[in-house]
1. Can you tell me how much longer the chain between GLN106 and LYS78 gets when fully stretched, taken as 0.36 nm per residue apart minus their C-alpha distance, in nm with one decimal?
2. Non-local amide H neighbours of HIS5 (under 5 Å, H modeled in plane, Pro and chain starts lacking H): which ones?
Amino acid sequence: MKQLHSGAKWIFRLRTYFSLLFLTFILGSFLVPLMLSLSEESSINSFFWNYFLYLFSGIIFAVVLGEVYSNLAYKNWKYELTSNEVKLERGIIWKKYSAIPFERIQNIDIRRGILARVLGFSTLDIQTAGYHVASQGGITAEGNITAVSVKEAEEIRDFLIKKIGKRQGL
């Protein structure tokens, strides 16, 4: 099975950073005032000092966890094109294995956001006759190869379009 483009680590890393930092700010807005209300010393100076320490430790935690998560996610995200299907394997704790038969593929989209263009990779969305409901509630492509080189994305799309064309007799 093939590994993703090394730039995928940045995608995984930034997702983790933003999620954990958002959680840190939200929890800090509730926890620090609660802790100060329970303590005997509750001055504005101690509030800012405690909030600063809380945010600093939250940022350090986010950076460390982001690095660990991005490396593990990168190592555990693989894909393969076989003679009759696209195989996807991903997940750190809970593994997800997907196999998308060529017969079900309807369209292949290549996406390149700002970060992807800077780092030199593309994302392939493999759409099928059905649809896939994402964990966030939106409808997405059933197959998604998060980060492959620009050249490889074009090659995969051309390969899959040829397979689809043979199926349709074109």
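Every number in this text was worked out from the coordinates using simple rules, so none of it is lab data. All values reported here derive from a predicted model rather than from experimental measurement.
1. Working: separation 28, 0.36 × 28 = 10.08 nm, distance 2.20 nm.
Additional length available on full extension: 7.9 nm.
2. Residues meeting the criterion, in which the H sits 1.01 Å from N, are ALA147, VAL148, SER149.
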